[in-house]
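Take a look at the structure set out below.
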Amino acid sequence: MAVADLQARLEKLKLVIDASELGGTFGPSTEMAIKAFQQRSGLDVDGIVGEATWKALVESSWSLGDRPLRLSQPFLRGDDVRELQAQLNALGFTAGKHDGIFGLGTAGALRDFQRNLAVDEDGIVGHETLRALERLRMVIKPGLGPRISEREARRADPPGLAGKRIVLDPGHGGDDAGGIGLNGQTEADWVFRVSAKLGLLLDGHHAHPMLTRGPYDGPDDSQRAQLANRFRADLLLSIHLNSHPTPIAAGAATYFFQGGTVASEPGEHLAELIQQALIGAGRADCGTHGKAYPILRETQMPAVVVEPGFITNPEEFRQLGESTDDLASAMLGALERYFSSEPD
């Protein structure tokens, strides 16, 4: 029954599954449909229905109008929320990035919309609010809202690192060691050392860095995002290492938030700057990519995940261990360029 339910959800999303597999047989076409869904959803593409993929599938089953939307605890999540955010943003009511999470920003934008359209200001997306949105359907230009608001927020800030609140997120920690490298060295320990070094460099430039964890604890990604939101950070940089079954895999990659067809413009710009800096520090180029990881999706500021190399490549991990100061300096330079550049 679980596989049949999975297949029904995938078919609802217009993903094709062979008739011979429908009804509960997990075969090649079901796996390919899962991979296609993961690709379009900004998830890691492995064909496995883990917790993140299942949650995304459940959220994707909602369309705007299927249920009343309102501010609640925990926050409502789903593609219906994402569609609401897209429409509110395009109409000039700032709901934030299209993360599909009905939080305070979305609730405020909804009430502002209701007030301006003379709709009952109850903070609920019910029939009356849906009809008001439908009346404005022809003037909606999806995708423009979050890009414009993010750009204006950057223009309002003074240039330079001084005074900027920067959250550094060393990945893993606690019971989660992450990848294991040479001589049993862990990803959690390596990324904490690099994050701490970068924090010292930022402090020397009069920024206000904060780490999401200590050397031995390991909050989950949602807790880290909430910490950054409470800190009212200007950006978040989450530092990890990559891994692969093939030990020759090597190179650096960076990730920025992308939900559907809309990406975080400053996040993408920062990811590109960091990627260029890492390449300049001698790392091979594995590119920048839009993803919907929780640490990128749930933060209210531009956020980037950086993987400077592969812990599973013995030679690269040896080099990474010898160049932590250089990597921290390279990332510092990218942050300086980010806060000094004018948004396009």
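The values are calculated or read from the model by the stated rules, or taken from the named source; none is laboratory data. Bear in mind the structure is a predicted one, so any value in this text is a computation, not a measurement. Methodologically, a virtual Cβ is constructed for each residue, glycine included, from the backbone with ideal geometry; neighbour enumeration extends over all protein chains shown.
Restricting attention to segment 299-306, does a residue exist that is under 20 Å from the mean Cα position of the chain (by Cα), farther than 19 Å from ALA249 by Cα and polar (S, T, N, Q)? There is at least one residue in segment 299-306 that is under 20 Å from the mean Cα position of the chain (by Cα), farther than 19 Å from ALA249 by Cα and polar (S, T, N, Q). Applying a threshold of 9 Å to beta carbon distances and a minimum spacing of six or more residues, or different chains, the list of pairs starting in segment 230-245 at a residue that is in the same structural domain as PHE192 (by TED's automatic domain parsing) and within 19 Å of THR324 (Cα to Cα) and ending at one that is of a type in the set (Phe, Trp, Tyr) and in a strand (DSSP E or B) reads SER238/TYR255; LEU241/PHE310; ASN242/PHE310; SER243/PHE310. When each of LYS97, LYS14 is tested for being outside the structural domain of LYS291 (by TED's automatic domain parsing) and over 28 Å from ALA225 (Cα atoms), the lone residue that passes is LYS14.
Being buried (at least 16 other Cβ atoms within 10 Å of the Cβ), at pLDDT 95 or above, closer than 30 Å to ARG111 by Cβ and under 23 Å from the mean Cα position of the chain (by Cα) is a description that applies to VAL167. Scanning segment 65-76 for residues that are surrounded by 19 or more Cβ atoms within 10 Å (Cβ to Cβ) and either assigned to a loop (DSSP other than H, G, I, E, B) or in the same structural domain as GLU134 (by TED's automatic domain parsing) (or both) returns a single hit, LEU76. Scoring LYS12 on the criteria (1) closer than 22 Å to TYR293 by Cα; (2) touching a residue at least 40 places away in the same chain (Cβ under 8 Å) leaves a single failure, condition (1). Taken over segment 40-62, the criterion of being buried (at least 19 other Cβ atoms within 10 Å of the Cβ) and either at positive phi or part of a helix (DSSP H, G or I) (or both) is satisfied by SER41, GLY42, THR53, ALA56, LEU57, SER60. Filtered by the rule that a residue be of a type in the set (A, V, I, L, M) and in contact with a Lys or Arg (Cβ under 6 Å, 6 or more places away or on another chain), segment 21-51 gives a lone residue, VAL45.
Can you spot a residue in segment 326-343 that is in contact with a helix residue (DSSP H, G or I) (Cβ under 7 Å, 6 or more places away or on another chain), surrounded by 20 or more Cβ atoms within 10 Å (Cβ to Cβ) and farther than 22 Å from LYS197 by Cβ? No, that holds for no residue.
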